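Structure first, then comments.
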Amino acid sequence: MITAGIDVGSLTSKAVIMKDGKILSSIILKSKPRPWESADLAINGVLEKTGLSMKDINCCVGTGYGRDKIPFIHQARSEIACHAKGARWLMPSARTVIDIGGQDCKVMKLDEKGEMVKFITNDKCASGTGRFLEVMAKAMGVELSELGELSARSKNPVTLASACTVWAQADVIQHLNEMIPIEDIAAGINNAMASRVATLVSSIGIEKEVCMTGGVAKNSGVVSSLEKTLGIRIKKIRRDDPQLAGAIGAANYAETLLNGGKI
C-alpha cells in the first residue's frame, strides 16, 4: 500500500510518500501564504520524484496549522499526534520528544509502546520557536542554517536581556553596532532559545530517550545548549530528516486508516 503525509507548517511544508512502511520520497519547501498552495506544491513535488500520480496514493493524511485547508487529503490529524508518531518511527526508543516548529514548541512524553501520555505546547509567544531564530538571523544578516555553525566558534557568548523576540532583536542590533563578533551573538541567540525551551521541557518532566524533531533540531547550537541546560543527552535522529517527523507521522496514520484502524 502507498500512503502520503502532508505537513503544512507556518514556515515550511513537508510531504512524504511511503510504501509498506518505507519512505519512497520526501520534500521540504518554504510555505506559501495560502496553505492549499503549499500543500499542492509539496504533494506534486514529492510525486514527481517517484513518477507516481495522486491516483496511486491509497490514503493521504494532512497535519500542521494548514491541515484543514488541504483539499485532497482523506483525513486531518493534529500536529502533536503526528509529530509524536513520526518521532517514534524515526527513533523507536524515543520517550520524550521536543519539537520546535515555526510558530510553536511542543514537548511530548510517550510510553513504552509509543503512545503519547502527556504533552505541553507553547504557541503564545515567538520566543522558543523557529520564528525567533528566523528573525534573529535576518537581523544579523546571515542564513538561518548558519546559526549553529557560528555559535560553535564562539568564545564569549552574549546574554540577551529579554526572551521577547522584539526586544531580543533590538539587543542583537545593539551588539552588532558595538562590533561584537557575530559568533558570540549567534551563541547568545541559541542559548536564549534553549533556555526558553528548557523551561517548557522541565515543566512536563523528562523520560529517556530524548530526541528532537522540527527544523531547529538541525541547529547544533540550540541542541548543545539545551543539553547543557537540562543536563541530558539528546539522541540525534539519523534515520531521516527530523524536520519530516510530522509528515511521516501523517503517512503512518494513513496506513492505520487503510488497515481499518481509527485515528
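FYI, it's all coordinate maths here, none of it is from the lab. For clarity, every value in this text was computed on a predicted model and none was experimentally measured. Note that we place each Cβ from the backbone using ideal geometry, even for glycine, and neighbour counts take in every protein chain shown.
Treat the count of other C-beta atoms within 10 Å as a stand-in for reagent exposure and order I185, I80, I43 from fewest to most. Don't skip to the answer; put the middle values down first.
Values: I185 28, I80 21, I43 24.
Going from sparsest to densest Cβ surroundings: I80, I43, I185.
HN-Hα J couplings of region 108-122 from phi, Karplus 6.51/-1.76/1.60, θ = phi - 60°, integer Hz, Gly and Pro as x?
3J(HN,Hα) across region 108-122, in whole Hz: 10, 10, 10, 8, 5, 8, x, 7, 6, 10, 7, 8, 9, 9, 10.
Please determine, in degrees from 0 to 90 and to the nearest 10, the orientation of helix 245-258 with respect to the longest principal axis defined by the Cα atoms of the chain, where the helix direction is its Cα long axis.
20
For region 116-263, what ratio Rg/Rh do Cα atoms give with a Kirkwood hydrodynamic radius? Intermediate results must be reported in sequence, preceding the final value.
Values: Rg = 17.2 Å, Rh = 16.6 Å.
That ratio equals 1.04.
Scan around L110 for amide H atoms under 5 Å from its own, H built in the peptide plane at 1.01 Å from N, and keep only partners 5 or more places away or cross-chain.
Those qualifying (amide H under 5 Å, at least 5 residues apart or on another chain) are T96, V97, V117.
Quick one: dipole size for the chain, taken about the Cα centre, charges +1 on Lys/Arg Cβ and -1 on Asp/Glu Cβ, in debye to the nearest 20.
Details: 33 positive and 28 negative charges, 111 e Å.
Roughly 540 debye for the chain.
Count the DSSP beta bridges whose two residues both fall in the chain, then state the antiparallel fraction as a percent rounded to the nearest 5. Present the calculation step by step, with values, prior to reporting the outcome.
Details: 26 of 39 bridges.
Bridges in the chain are about 65 percent antiparallel.
With θ taken as phi - 60° and the coefficients 6.51, -1.76 and 1.60, list the Karplus ³J(HN,Hα) couplings across region 134-143 in order, rounded to whole Hz; mark glycine and proline as x.
Ordered by residue, 3J(HN,Hα) equals 4, 5, 5, 4, 5, 4, 7, x, 10, 6 Hz.
Let me know the charge dipole size of region 146-263 about its Cα centre in debye, to the nearest 20, where only the beta-carbon of Lys, Arg (+1) and Asp, Glu (-1) is charged. Working shown, then result.
Numbers: 12 positive and 12 negative charges, 87 e Å.
Dipole of region 146-263, to the nearest 20 debye: 420 debye.
Among T129, A139, I180, flag the residue with its Cα farthest along the positive direction of the charge dipole of region 94-236, charges on Cβ as +1 for Lys/Arg and -1 for Asp/Glu.
The listed residue farthest towards the positive side: T129.
Taking 8 Å as the Cα distance limit and 6 or more residues as the minimum spacing, I'd like the relative contact order of the chain as a percentage. Walk me through the intermediate numbers first.
Numbers: 577 pairs, mean separation 65.7, N = 263.
Worked out over the chain, it gives 25 percent.
Could you tell me which residue out of L257, I28, S195 lies farthest along the dipole of the chain toward its positive end? Charges go on the beta carbon: Lys and Arg +1, Asp and Glu -1, centred on the Cα centre.
It is L257.
Quick one: helix 182-204 against the long Cα principal axis of the chain, what's the angle to the nearest 10°, folded into 0 to 90?
60
Given charges of +1 on the Cβ of Lys and Arg and -1 on the Cβ of Asp and Glu, with all other atoms neutral, how large is the dipole of region 1-114 about its Cα centre, in debye to the nearest 20?
100
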